[in-house]
Structures are given as structure tokens and as C-alpha cells.
Amino acid sequence: MHTQRITARHMGVIIACCLQCGIPIAMIISTPGIFYPIIADDMDAQTAEISAWMSVAMLSSAAFSPVIGNLLGRFRLKTMRVSAVVVAGAAMAVFSAATAPWMLWVSAAFMGYVLVLLTSLGPATLVNRWYQERVGALMGLYAAFTAIGGVVFLLVGQAIIDASGWRAAYFAFAVITWVVGLPAELLLTRERPQEYGLLPYGAALGQADEALPVAAGGAADGDTAIREANCLMRTAPFWLLFVCGFLMNLVCQINGYFPKYVMWVDEQAAAGVVAGAFVTGAVLASLCQAGSAVGKVGLGMFSDFSVRKATVALAACGAVGVACVWQVPATFLMAFGGFAFGFFIAGVLVLLPMLCRQIFGTGEVYPVIYARIAVAPTLGGAVGNIVWPYLADNLGGFDAVFGVALVFIAVVLGTALAALSGTSSRTGSTR
């Protein structure tokens, strides 16, 4: 049986997704750490007041996600993504001119629109439209660019800050986003393969009716998808996957507190209670980021063969990583644990959309239902940044943090497998 081969248009879509994740998204989510203390000093504010913009952006993303999902059946995704690149550059330009924390918060409120269209829902929808095979590997590829771009722009940003200050760094980020991001989106992103007489990569040829150019959605298609999504929201698999996504990203936030955990271990070592940590907090966090980059590609490729087995592997990496970091911090297994935990972090951008695709299908309802599922990890991330420091400071230290995290990882595995089993019972079988 002959299938649709890869074409320049298929490849262009992936290149555009990689560039957007590697440039504006990496700038937004991977570099704030070098800005927080400097901006706080400049504005004579507490670091928490400055870093609050990230929580605003996450909550904004949760609000925008279902709205954009409903609009995808009515408006062209390419147009919306172009506008997201414009907004991303504008938000960072406003950052460069901000004189008070509230200006950062207001600008960050619009970043939720950017995150949905350039990180989660937008690229997942494009890949789902243009590819029938290797979907997981491609999702992992573009998601890995958030880490790759983070490494690059941490260095670039720090160099600009050292030479010209933080305002110049954010303005440079805005200019780079517009100069590179806009042409990439305008020239490379295409709505649907059928508009060009093509099929999704891997689809069987000979389906003449599907190969003809078609309109990019419409109000009727959008209304039908919304009604179907509303019905799916009343099913058990939807809420099981929602809980899975919420807890998955909640656990992922532990990575941000690895440096504090290492300080906690070293304080106990100074008191003679335990041996000192094998690596510094910065090294442990870096190993976790490296694991995340590798894990996004590896987990994506694995999920193409079996979503169920990839889910088990995800939970195993998370549990082993937490256990090693927690129980044997004085040995090389601490470093191994940090790297392994990075694979678990990869699940939010790679495995969650693959689970949604496996459970709810690949039709017009996919972007609508995934947009609603994507609210869960966003909320989980916001809650995690409150829960974990509170547990560490008030309820048993990091022993409590890691103990609760292991329980949550078990729940993530259980809810994901239960959701897949629910699909099996309705549709026949699940890989």
C-alpha cells in the first residue's frame, strides 16, 4: 500500500514549530531566572513580586486554552500563530520598558495567548493535521527546542545583561522574535495538507476525495467539534486524563526547587546528620534539563510504538529519579536521578497530547478537547509552585515533598492507564 511521502511543505511545518519553541518560547519560559534578581534590585521590589509574572502567564494560558480551542474550527491557525509571534515580541518589548512590577504582570497576562498557540495546542494541532505517522517523535522534537533554545538564550541574555543591562536584553529578545519568528511563520506554516493536494504524512494514497483542496474548517465544523467535545467532557476518560495532566505538571515543578534541596542536604551535612550532596544545586537542575531535552525526543519516539508502554516508562523514570535524588544524595545516583527525572518532565508537552490523541482520536475534535485538557497541567504548575515550597518549609521538609511526589506519580500512572482502558472498552483496543 502506497502512502503519502514527506514533502517540503510537511517539513516546513515542523521547522516552524521548532523555531517558535526554540526562540520566543525558550526566551519566555527558560530564561527568567537570570532576570528576576536584577529586575528586583532595579525596581526596589522583592524577587517574589517580579517572578509573579510567570504565575500570571500560566493562569492566563489556562484561561486562553479552551477559548482558542473553540476558535480553531472557525479561524485559520496560521493567522492566529502569526498574531501570537507579534504578541510575544510586544510583551518582551513592554518588559524592557517596565518601571514597576504591575507592568510585568499586565504584559504577562497576554503571554498565555502566546504559550497556547506556540507551545501546546498550536504545534500539536499542526502535527496532528500534517502527520499520521511519527507524530510522537515530531512532538518530542519541537518540544526539545524549548530546552535547546533555553541554553542558547541564557548565554545570550546574560551577555547582553552584562554589557548593556536587562532592559536591552529583553528588547533584543523582542527584536529577534519579530525578525526570525514572523518570516518563519509566514513562509513555513501551512494550514492543512489537503489545501495543497496532499495528505498527512503516512496516510494511504488513493483517497481522492481527501486529497482535493478543501476549506480550512468553518463555523459548521467548529460547532460540531465543540458539541462533540462537550459530550466527551462528560466521560470518565476526560476527567481521568485531566487529573493525570494536573498532577503530572504539579510534580514537574519540583525541578525548580532542586537547588534549595541541595542546600537543605548540605545544611544537614554540616550538622553531621548526613553526607554532603554529590553535586551542586545548579548542576542537578542542569542535569534535569538535559534529561528533559533527551526525554522529549526519546519519549516521543517510544509513544509512536505504544502510548501505554511510554506512560509506564514515564512514571518509572519519575519514580526512579525522585528516589535517587531523595535517598542517595551523597552518591553519583543523585546525578543519575536528576537526569532521569528530566524524562518525567518531558511528559507534559509530549505524552499528554499523545494520550489525548490516542483516547479521543485525530479528527476536528482533537484541538478542541486537547485545549480543555491542556488547562490541567497549567493549573498544576501554578499549584505546584505553592504546594512544594510550603511543604518544604512547614510540613516535614523535603522528605515530605519527595514522599508526596512519589504518591502523585503513582496516581499519574493509574489515571493514564485507566483512561486508556476506558478507550479500549469503547473502541476495541489501545496500543
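The values are calculated or read from the model by the stated rules, or taken from the named source; none is laboratory data. Here the structure is a predicted model, which is why all the values come from computation and not from measurement. Because the Cβ atoms are built from the backbone with ideal geometry, glycine has one as well, and the counts that use them run over all protein chains shown. These accessible areas exclude ligands, DNA and RNA; they are computed on the full protein's heavy atoms, side chains included. Shrake-Rupley method; radii C 1.70, N 1.55, O 1.52, S 1.80 Å.
Numerical summary
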{"read-out": "Gyration tensor over alpha-carbon atoms, segment 293-414, equivalent ellipsoid semi-axes in Å", "value": "28, 18, 10"}
{"read-out": "Reachable aspartates and glutamates, given that their alpha-carbon falls under 15 Å from the alpha-carbon of Lys78 and they are not under 8 places away in the same chain", "value": "Glu185, Glu191, Glu195"}
{"read-out": "Those aspartates and glutamates that a straight Cα-Cα span of less than 14 Å connects to Lys296, excepting residues fewer than 8 apart in one chain", "value": "Asp304"}
{"read-out": "Residue among Pro367, Pro377, Pro329 with the largest mean-square fluctuation in a Gaussian network model of the chain, springs linking Cα atoms under 10 Å", "value": "Pro329"}
{"read-out": "Whether segment 66-171 is rounded, prolate or oblate, judged on the alpha carbon gyration tensor where a/c under 1.5 counts as rounded", "value": "oblate"}
{"read-out": "Projected label distance in nm at Val312 and Met11, using a 7 Å step from Cα toward the beta-carbon", "value": "3.7 nm"}
{"read-out": "Where labels lie 7 Å past Cα in the beta-carbon direction, separation of Val407 and Ser55 in nm", "value": "2.3 nm"}
{"read-out": "Alpha-carbon centroid distance for the pair segment 104-166 / segment 30-52, whole angstrom", "value": "21 Å"}
{"read-out": "1.4 Å probe accessible area per residue over the chain, in Å²", "value": "39 Å²"}
{"read-out": "Over the chain, relative contact order from alpha-carbon pairs under 8 Å, at least 6 apart, %", "value": "23 percent"}
{"read-out": "Directionally averaged projected area (convex hull, Cα atoms, segment 16-58), nm²", "value": "3.2 nm²"}
{"read-out": "For peptides 174-187, 21-34, sequence by mean Cβ density within 10 Å, most packed first", "value": "21-34, 174-187"}
{"read-out": "Cα gyration tensor category, rounded, prolate or oblate, for the chain with a/c compared to 1.5", "value": "oblate"}
{"read-out": "Fraction of accessible area attributable to carbon and sulfur, the chain (%, probe 1.4 Å)", "value": "69 percent"}
{"read-out": "Span-like helix ranges in the chain, DSSP H, alpha carbon extent 27 angstrom or more, Kyte mean at least 1.6", "value": "135-164"}
{"read-out": "Convex hull projection area averaged over all views, segment 88-130, Cα basis, nm²", "value": "3.0 nm²"}
